1. Please verify whether the range 423-444 includes one or more residues that are farther than 30 Å from residue 136 by Cα, touching a strand residue (DSSP E or B) at 6+ places or on another chain (Cβ under 7 Å) and surrounded by 13 or more Cβ atoms within 10 Å (Cβ to Cβ).
2. State which residue is surrounded by the most Cβ atoms within 10 Å (Cβ to Cβ) when the search covers only the range 305-318 and only residues that are within 13 Å of the ligand (Cβ to nearest atom) and closer than 15 Å to residue 195 by Cβ.
3. Enumerate the pairs (first residue in the range 197-216 and without any contact (Cβ under 8 Å) to a residue 40 or more places away in the chain; second residue anywhere and loosely packed, with under 14 Cβ neighbours inside 10 Å and in a loop (DSSP other than H, G, I, E, B)) with beta-carbon separation below 9 Å, excluding pairs fewer than 6 apart on the same chain, so at least 6 apart or on different chains.
4. Pick from 205, 223: which is out of contact with any helix residue (DSSP H, G or I) (no Cβ under 8 Å at 6 or more places or on another chain) and either modelled with pLDDT of 95 or more or over 30 Å from residue 135 (Cα atoms) (or both)?
5. Every residue in the range 202-240 that is crowded, with 18+ Cβ neighbours inside 10 Å, assigned to a helix (DSSP H, G or I) and under 22 Å from the mean Cα position of the chain (by Cα), please.
6. Among the residues of the range 98-111, which ones are over 17 Å from residue 71 (Cβ atoms) and over 37 Å from the mean Cα position of the chain (by Cα)?
7. Are any residues in the range 1-24 closer than 18 Å to residue 94 by Cα and within 16 Å of the ligand (Cβ to nearest atom), and if so, which ones?
Ligand code: ARG
């Protein structure tokens with residue numbers, strides 16, 4: 001069967017090897033719905049502008065809807081010789097309608113068509129990612145509400161640093177994933193520009209109405225330059241970059257919970273339903289879900305790399321290289337969505353080992369910085385206070401005791417400005433109470449943040 005795009009200029013048929021090599025239908029078939037919607041809007045515009053008759057338009061629309069049904073009922077044959085989803089649908093339409101079907105591709109090229117379809121697919125898929133991200137935030141928020149009274153050690157350089165409320169820790173992830181949602185919103189806005197009507201490269205001499213198609217397909221605006229419109233895939237890069245950051249955020253969190261669920265940390269119990277066993281060591285309960293989330297992030301970053309390299313050095317305008325954008329971008333979206341689907345219930349069902357955490361909480365001098373700030377409030381210069389507290393910590397380490405167990409005289413021998421009130425700020429519980437700055441782990445600040453997130457997430 002000769003493909004409808006093969007014009008009379010060809011004296012011979014396509015080599016079967018070339019057909020196999022160049023097909024994209026095996027993966028771009030997932031654009032079918034968007035392709036059909038785009039074609040219907042295009043046909044209606046052609047009819048309104050007198051380029052096809054209203055009767056032809058009706059037949060085309062009906063034919064396309066029937067094809068959609070055939071695809072959804074599994075009755076549509078996706079054949080490599082039809083190259084891609086655009087040709088496959090058009091060929092089927094021609095098979096059904098004959099010459100009427102042959103009119104659909106008026107004032108259109110696959111170059112503007114594929115970019116339009118992909119933009120519509122991305123727009124829809126971003127909505128799904130956004131709703132998964134909001135569910136993820138809700139899971140962290142729920143954990144935050146349950147850990148308002150739990151004190152955790154916060155780490156820098158993976159060394160014990162200062163105490164924080166469990167809720168403060170959880171809300172850190174609400175912030176990260178919120179920026180991800182904002183990033184996707186910005187990507188979606190730049191993505192929502194209509195290429196259809198720019199033709200193969202230079203536009204068309206036929207009287208078309210791009211604004212009508214734009215409105216009908218829900219785009220915000222039409223692309224202003226036909227050379228640019230069909231040549232670029234920066235909207236694909238934007239999407240993959242946003243997906244990569246979500247992948248990285250998930251990966252960092254996964255790594256943390258893998259560590260925290262070890263016997264060594266023992267902070268956390270992961271739900272067994274998301275863990276797997278070892279084929280040899282019967283005692284193992286492995287955090288494979290988190291490891292895969294961490295691992296899959298690298299796939300997404302790899303896709304971003306492929307896409308950047310794909311676009312590099314392409315001259316204007318459309319080049320067939322661009323077909324290679326689909327496998328990485330589809331997989332990047334699928335991968336992040338699957339990670340989010342797993343992360344939500346895993347977070348919801350994880351349990352904190354409160355006793356184990358609190359047993360070790362007074363180790364590691366989490367209150368040392370609070371002691372330094374206590375001295376600053378007494379008028380000691382920061383550098384002097386920093387050095388003095390270091391000396392006090394050293395003394396405490398030598399007697400293997402927490403700061404609050406040191407006798408006052410011993411602390412006073414290092415810093416004369418200390419008095420009995422020092423015991424009001426020592427120990428992690430007191431230390432937490434001392435925090436007061438905006439965005440800190442102080443109880444009031446964290447309570448406010450929980451309320452604000454509740455409010456925000458209820459609205460979205
Ligand atoms: N399958 C192609 C792609 O994904 C569609 C556009 C093909 N255009 C062309 N002139 N061969 O990029």
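The values are calculated or read from the model by the stated rules, or taken from the named source; none is laboratory data. Quick caveat: nothing in here was measured; it's all calculated off a predicted structure. For neighbour counting, all protein chains shown are included, and Cβ atoms are generated from backbone atoms with ideal geometry for every residue, glycine included.
1. Kept after step one, since they are farther than 30 Å from residue 136 by Cα, are these residues of the range 423-444: 423-427, 430-431, 434.
Retained after the next criterion (residues that are touching a strand residue (DSSP E or B) at 6+ places or on another chain (Cβ under 7 Å)): 431.
Narrowing further to those that are surrounded by 13 or more Cβ atoms within 10 Å (Cβ to Cβ): 431.
Yes, the range 423-444 contains at least one residue that is farther than 30 Å from residue 136 by Cα, touching a strand residue (DSSP E or B) at 6+ places or on another chain (Cβ under 7 Å) and surrounded by 13 or more Cβ atoms within 10 Å (Cβ to Cβ).
2. Looking at the filtered set, the residue picked out is 318.
3. Pairs found: 214/220.
4. Details: 223 fails: out of contact with any helix residue (DSSP H, G or I) (no Cβ under 8 Å at 6 or more places or on another chain).
That would be 205, the only listed residue that is out of contact with any helix residue (DSSP H, G or I) (no Cβ under 8 Å at 6 or more places or on another chain) and either modelled with pLDDT of 95 or more or over 30 Å from residue 135 (Cα atoms) (or both).
5. 235, 236, 237, 238, 239, 240
6. 98, 99, 100, 102, 103, 106, listed by residue number.
7. Correct list: 2, 3, 4, 5, 6, 7.
Here is a yes/no grid of residues against (1) closer than 21 Å to residue 211 by Cα; (2) within 16 Å of the ligand (Cβ to nearest atom):
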residue: 46; (1), (2): yes, no
residue: 52; (1), (2): yes, no
residue: 63; (1), (2): no, no
residue: 88; (1), (2): no, yes
